[in-house]
């Protein structure tokens with residue numbers, strides 16, 4: 001059975017994280033978040049956003065794991081497009097300033113705790129408050145860093161090499177995702193993931 005966290009504990013950990021990236025964090029920032037963010041306790045498989053929704057929300061993971069996913073062209077399975085680990089987030093539009101819906105559904109693949117912040121609660125402070133700007137920029141940069149590596153990985157043909165690249169460059173994702181989730185992210189079969197993970201472990205142990 002997994003560790004149980006209260007919303008208060010998860011939120012306090014997020015304040016601590018925010019203070020690390022923006023040391024002048026003030027009571028104002030904590031009060032702003034407490035007033036404007038809704039804390040959601042999500043279940044595995046819960047859909048927070050569907051790609052045809054007209055939402056303007058930012059979802060920040062406090063505990064658990066969110067993915068953006070969509071059906072493959074054959075409609076037989078869902079491909080994972082990107083992953084949000086704790087202290088990462090997803091926008092429901094292509095980016096904060098966009099009105100175009102984001103690609104893929106936002107789905108919880110683990111039970112967890114998530115912050116939901118409407119864009120309208122962020123807008124008055126965007127480019128006016130350094131603490132909120134710093135948080136937003138970090139969320140965007142984390143997303144960009146991950147997407148850059150996932151794009152680079154798309155150019156790798158062999159399943160084993162894809163998994164090695166993921167483990168070397170995005171190790172948190174490699175260790176957090178289950179085998180079937182890795183298969184959906186890397187666009188390969190589960191049996192290929194199984195074989196590649198065994199090879200990766202041998203490589204790791206031989207060092």
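Values quoted throughout were computed directly from the atomic coordinates according to the rules given, and no laboratory measurement underlies them. This one's a predicted model, so the numbers in the text were calculated from it and none came from an experiment.
Assorted remarks:
- For the range 7-129, convex hull of alpha carbons as volume per residue, Å³: 103
- Springs between Cα atoms under 10 Å define the GNM used for the chain, and in it the highest mean-square fluctuation of 90, 28, 14 occurs at 28.
- Over the residues of the chain, the helix contribution to mean residue ellipticity at 222 nm works out to -14500 deg cm²/dmol, using -39500 (n - 2.57) for each DSSP H run of at least 4.
- Cα gyration tensor shape of the chain, rounded if a/c is under 1.5, else prolate or oblate by comparing a/b with b/c: prolate
- Relative contact order %, the chain, counting alpha carbon pairs below 8 Å whose residues are six or more apart: 21
- Between 0 and 90°, nearest 10: helix 190-206 axis offset from the chain longest Cα axis: 90
- Contact order normalised by residue count of the range 7-129, Cα under 8 Å, 6+ apart, percent: 35
- 0 to 90° range, to nearest 10: angle between helix 130-154 axis and the chain longest Cα axis: 10
- For the range 190-206 versus the range 45-94, the gap between their alpha-carbon centres in whole angstrom: 28
- To the nearest ten degrees, helix 159-169 and the longest principal axis of the Cα atoms of the chain are 40 degrees apart.
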